[in-house]
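Every read-out reported here was derived from the displayed coordinates using simple, explicitly stated rules and does not represent laboratory data. In this text, all values refer to a predicted model and were calculated from it rather than measured experimentally. Neighbour counts are summed over all protein chains in view; Cβ atoms, including those assigned to glycine, are modelled from backbone coordinates with ideal geometry.
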Amino acid sequence: MAGPATADSSRTQVTSAADCPSSGSLCLYEGTNFSGRQFTVSSNGSDGVCVSLVDHGWGERARSAINTHRGNAAMFPNDDCLGQPYSVPGNSSLDSFGSFVPQSVWVPADQ
C-alpha cells in the first residue's frame with residue numbers, strides 16, 4: 001500500500017532550481033530549464049506514492065524536473081500513474097520533457 005505524500009502547490013512566485021529541497025523530493029517546474037512556478041512532491045511513508053497532478057491543478061503544466069531522491073521517480077501521461085512511464089533518474093534533473101506532458105507522478109519512499 002502506498003504511503004502518504006506531500007505535495008506543495010502553494011508556490012505562487014517564480015522559483016529557481018536552488019529552491020528544490022536537497023533530498024527526498026521531486027520538483028516540477030512550469031517552464032523548461034527549471035523556470036516558472038514549482039510543484040514539489042515527496043513520500044512521507046515507507047513506500048513510494050502516486051500523486052495526481054490533475055488533482056493539484058498541475059495537469060499539463062510541468063515542463064522540467066529535479067529529482068533529489070536516490071531512487072528513480074516516474075511521470076505518467078495519464079492520471080493515477082497509468083501508461084508508459086517517463087523516468088527521472090535518482091539525483092538527476094531533466095531540463096525539458098520535449099513533447100511529453102505528465103498527468104501524474106510516482107515518487108519513491110523517503111530514503
How many residues of the range 56-78 are over 20 Å from T32 (Cβ atoms) and either of a type in the set (A, V, I, L, M, F, W, C) or in contact with a Leu (Cβ under 8 Å, 6 or more places away or on another chain) (or both)? The answer is 1
Taking the range 88-111 on its own, how many of its residues are touching a residue at least 12 places away in the same chain (Cβ under 8 Å), in a loop (DSSP other than H, G, I, E, B), within 17 Å of T32 (Cα to Cα) and polar (S, T, N, Q)? 2
